[in-house]
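All remarks here apply to the structure that follows.
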Amino acid sequence: MAEGRVRVGAVDCGTNSIRLLVADVDPATGALEDVLRRMEIVRLGHGVDRTGLIAPESMERTLRVTREYAAQCHELGAERIRFVATSASRDARNAGEFIEGVRDAFREHVGVAVSPEVVSGDAEAALSFAGATGGLAARGIAGPYLVVDLGGGSTELVRGTDHVEAARSVDVGCVRMTERHLAGDPPTAEEVAAATRDIDAALDLAESTVPLEGIGALVGLAGSVTTITAHLLRLPAYDASRIHLSRNPVQDVLAACDDLLAMTRAARADLPYLHPGRVDVIGAGALVWRRVVERLVDRSGVTDVVTSEHDILDGIALSAARRD
């Protein structure tokens with residue numbers, strides 16, 4: 001490891017997935033070199049919108065993977081570890097049980113009780129922005145940026161260039177919209193219309209805080225957006241290097257969204273770049289992303305869309321390296 005760098009472990013535990021990044025980070029420059037990236041679909045937030053509780057099977061799946069991640073942090077020599085939990089852990093009444101399970105997992109494998117930080121929507125947005133925008137200027141992609149992190153339970157919209165200027169988290173995401181509205185296979189026109197009303201109302205709320213005029217680049221993050229981009233590019237297999245910082249015309253993005261929303265789940269399951277855990281929720285993710293893109297076309301006249309593989313996970317790693 002180069003001098004001045006620190007090896008960190010970063011965990012992002014969301015509504016649908018839990019991800020690990022072990023990386024060597026230069027705290028001064030923000031340069032980040034991957035040692036290991038992992039993602040598992042655990043559905044921690046399955047049913048939380050309806051019941052207000054994390055289901056026992058969801059809890060066990062997530063804690064089992066957490067124990068694996070803790071062991072890998074130890075094996076790879078992570079000096080600092082930060083575990084951030086997002087929407088499901090904010091919403092659930094039994095979140096305390098989950099937090100204790102995470103602490104126990106790291107105490108067992110690392111010797112330190114790492115506590116999951118149940119961050120606010122604003123903090124989540126700031127971490128996503130830091131992770132997503134690090135390489136944009138070097139690629140000639142000019143701001144102001146609108147960074148949109150489309151998750152399972154919530155979506156964060158963040159505006160800024162070299163720092164966050166405005167941010168808002170709203171409760172629409174691929175899991176939440178699927179559970180609330182999109183029961184059909186494929187969804188019916190009535191289901192899509194009901195979901196669209198919820199999405200548009202949430203975006204109206206976001207726009208009351210985050211101005212959408214004058215945006216130089218729309219940057220999409222997280223699994224729904226990267227999967228839509230893989231579909232647009234018709235990749236033979238998921239390839240993060242092809243997806244990261246790709247710029248695609250708005251009309252191609254919208255067509256890919258429409259295609260995924262209209263597919264049956266069996267047809268989606270045959271796509272070589274689609275993770276099995278996203279088969280039933282990618283239609284809702286595509287609908288959310290379509291409404292965001294259309295709004296940015298209307299407000300700022302954007303003609304293309306940037307997809308970033310760097311997101312809140314990279315922001316968590318950078319923040320861990322810079323902590324005292």
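The values are calculated or read from the model by the stated rules, or taken from the named source; none is laboratory data. Only a predicted model underlies this, so the values are computations on that prediction, with no experimental measurement involved. Don't worry about glycine lacking a Cβ; one is built from the backbone with ideal geometry, like all the others, and counts go over all protein chains shown. Side chains included, ligands, DNA and RNA excluded: accessible areas come from the protein's heavy atoms. Shrake-Rupley method; radii C 1.70, N 1.55, O 1.52, S 1.80 Å.
If we keep just the residues of segment 1-30 that are surrounded by fewer than 20 Cβ atoms within 10 Å (Cβ to Cβ) and among the β-branched types (Val, Ile, Thr), which is nearest to residue 321 (Cα to Cα)? Checking each candidate, the answer is 6. Taking the criterion of being within 15 Å of the chain's Cα centre (by Cα) and either under 14 Å from residue 125 (Cβ atoms) or not charged (D, E, K, R) (or both), the residues of segment 159-179 that qualify are 168, 169, 170, 171, 172, 173, 174, 175.
Could you please find all residues in segment 246-262 being surrounded by fewer than 18 Cβ atoms within 10 Å (Cβ to Cβ) and either under 19 Å from the mean Cα position of the chain (by Cα) or on the phi > 0 side of the Ramachandran plot (or both)? Across segment 246-262, the qualifying residue is only 247. Among the strands (runs of 3 or more DSSP E) lying completely within segment 114-186, list those that include at least 3 residues that are closer than 30 Å to residue 269 by Cα. Hits in segment 114-186: 145-150, 155-160. Taking segment 287-324 as the range and being open to solvent by less than 50 Å² (accessible area, probe 1.4 Å) and among the β-branched types (Val, Ile, Thr) as the test, the residues that pass are 288, 292, 293, 302, 305, 306, 307, 312, 316. Looking across segment 82-100, just one residue is at pLDDT 95 or above and either charged (D, E, K, R) or surrounded by fewer than 21 Cβ atoms within 10 Å (Cβ to Cβ) (or both), and that is 82.
Give the residue that is farthest from residue 263 (Cα to Cα), with candidates limited to residues of segment 222-242 that are part of a helix (DSSP H, G or I) and open to solvent by 40 Å² or more (accessible area, probe 1.4 Å). By that ranking, first place goes to 241.
Total residues in segment 120-170 satisfying the condition of being out of contact with any Gly (no Cβ under 7 Å at 6 or more places or on another chain), acidic (Asp, Glu) and crowded, with 18+ Cβ neighbours inside 10 Å: the figure is 2.
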